[in-house]
C-alpha cells in the first residue's frame, strides 16, 4: 500500500493545484512572482534553488532569466512528476523534505534560493532555513514569501464591516503558534486537508538569524483584485490596498 501523505503534504490535492496555477491572473503570477524576481535579482549565469517548488511554475519562469542552472524539490511526488513533464532543459527536480535536503546539493553552490508560500506548511521551518543556508554561497540571496502572519491567520482572522463605508481586518490571535487544518480548495472532498502553521513575524526573523541569514529586505504585498460594483465595493477596494496579503522576506547569507 502507498504511504499516506504527511498532514502538510499537497500530494492529495496535486491535480487541483496544478490546474489552479494554469488559470489566468492568479495572485501567484500577477503579484508574487514579479515581486520575488525583483528581490532575487537573478544573475544571467547564476544557480538557483526553489525550496518546496510544487509543480515548478516559478522555476520555469526563473529559467528564462538565467542560462545556468535552476534546481527545485518538493515532498509531493505527484507535483514533481508534473514539474518534470514541463521542465526546461537547464532545470532539475527532486523529491525531498524541506527540513533535510542539503545533502542533495554541493555546499555553498547556489547564488540564490526561494521558498514561496510553503514555509507556512512546514512544521519545523527553522530546519529549512538551516538547510538553505548550507546550500547558499556566502552573500547568496534567500527570498521567503508567506501569507502575511499579522493579518492572514486561518481561523483567527477575518473581514468585518462598519455599515457599507468601512471594512476592517479582525485578528483574534497573533503571538501564539497555531496548527490549523485547511481544506485545500472549496468544493473538494472535505476529508482532504493539509495543515498550515501560524507563527509571528519575530519567529521567522530569529530563525533566519540563527541560520546565518540576515534580513536585508522586507516587503508587504497587497492583492491586485478589484471588487465588482456594489454597496461595499469602495470599502473593499480601500481595505484591499491597505491590508497586505503576503509578506516577503529577503535575507542574505553571512
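Below is a table of values for the structure above.
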read-out: Answer from 78, 98, 113, 87 - the residue that is touching a helix residue (DSSP H, G or I) at 6+ places or on another chain (Cβ under 7 Å) and without any contact (Cβ under 8 Å) to a residue 60 or more places away in the chain; value: 98
read-out: Any hit, segment 1-22, residues being under 24 Å from residue 219 (Cβ atoms), out of contact with any strand residue (DSSP E or B) (no Cβ under 8 Å at 6 or more places or on another chain) and modelled with pLDDT of 95 or more; value: no
read-out: Residue in segment 128-149 that is on the phi > 0 side of the Ramachandran plot, in a strand (DSSP E or B) and exposed (fewer than 13 other Cβ atoms within 10 Å of the Cβ) present; value: yes
read-out: Residues within segment 35-50 that are out of contact with any helix residue (DSSP H, G or I) (no Cβ under 8 Å at 6 or more places or on another chain) and assigned to a loop (DSSP other than H, G, I, E, B), tallied; value: 5
read-out: Which numbered condition residue 106 misses (of (1) surrounded by fewer than 17 Cβ atoms within 10 Å (Cβ to Cβ); (2) at pLDDT below 95); value: (2)
read-out: Flag for residue 84 being closer than 19 Å to residue 125 by Cβ and assigned to a helix (DSSP H, G or I); value: no
read-out: Scan of segment 220-233 for residues that are outside any loop (DSSP other than H, G, I, E, B) and more than 15 Å from the chain's Cα centre (by Cα), ordered by number; value: 233
read-out: Residue within segment 95-107 that is over 19 Å from residue 137 (Cα atoms), more than 17 Å from the chain's Cα centre (by Cα) and part of a strand (DSSP E or B) present; value: yes
read-out: Test: residue in segment 150-163 that is part of a strand (DSSP E or B) and at positive phi; value: no
read-out: Residue that is farthest from residue 183 (Cα to Cα), among those in segment 85-103 that are in contact with a strand residue (DSSP E or B) (Cβ under 6 Å, 6 or more places away or on another chain) and surrounded by fewer than 18 Cβ atoms within 10 Å (Cβ to Cβ); value: 90
read-out: Unmet requirement for residue 236, which otherwise passes all of (1) more than 28 Å from residue 40 (Cβ to Cβ); (2) part of a strand (DSSP E or B); value: (2)
read-out: Subset tally (residues that are at pLDDT 95 or above, in contact with a strand residue (DSSP E or B) (Cβ under 9 Å, 6 or more places away or on another chain), surrounded by fewer than 13 Cβ atoms within 10 Å (Cβ to Cβ) and not in a strand (DSSP E or B)) for segment 164-219; value: 3
read-out: Subset of segment 51-75 that is assigned to a loop (DSSP other than H, G, I, E, B) and in contact (Cβ under 8 Å) with a residue 60 or more places away in the chain - its residue that is surrounded by the fewest Cβ atoms within 10 Å (Cβ to Cβ); value: 75
read-out: Selected residue [over 18 Å from the mean Cα position of the chain (by Cα) and under 21 Å from residue 130 (Cβ atoms)] from 173, 241, 253; value: 253
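The values are calculated or read from the model by the stated rules, or taken from the named source; none is laboratory data. Here the structure is a predicted model, which means the values were calculated and not measured. Heads up, the Cβs are rebuilt from the backbone with ideal geometry, glycines too, and the neighbour counts pull from every protein chain shown.
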